[in-house]
Amino acid sequence: AGSAAGPVGGPAAGPVGGSVDWPRAMTAALYRPERMLWPELARHPAHLHVNLLPEYQRRGLGRQLLDAFTGALAARGVPAMHVGHGKYNISARVFYKRVGFTRLVVADPDPVIYLGRAVSPAVSPVGP
């Protein structure tokens, strides 16, 4: 797991003008779901994506989605969850910190930061 090879055998991401080629990295990631099977994530077995278009961000919708997800996980006895975001996605980092996620150290060569948190408590009462 964790190979940097993309769907055509090249690297999943690499420098393009000093930055990561995100379209190529994300396309390559679609062909490698096993890249998310890291031993460091075993204590956080549930995985979540919160992807909102910019015009729907900062309206409380991310918190509502997270509340619904954590409620479903709690009902099934799942203890913890994890998320991943691009290293340069500061908005995601700020959002996840506000709702209780902390950094998980994962030896992942992809341009991803992993965060985890316990399923409870719910996140709604957290301030802006």
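The listed residues 44, 82, once ranked by accessible area (1.4 Å probe) with the largest placed first, stand as 44, 82. Report the FRET efficiency, 1/(1 + (r/R0)^6), for residue 30 and residue 118, where r is their Cβ-Cβ distance and R0 is 30 Å, rounded to 0.05. That pair, residue 30 with residue 118, gives E of 0.55. Note on exposure: 104, 66, 30 ranked by accessible area (1.4 Å probe, complete protein assembly) read 30, 104, 66, with the most exposed listed first.
The values are calculated or read from the model by the stated rules, or taken from the named source; none is laboratory data. Owing to the predicted nature of the structure, the values given are computational and were not obtained by experimental measurement. All Cβ positions, glycine included, derive from the backbone under ideal geometry; neighbour counts span all protein chains shown. With ligands, DNA and RNA removed, areas are computed over all heavy atoms of the protein, side chains included. Shrake-Rupley method; radii C 1.70, N 1.55, O 1.52, S 1.80 Å.
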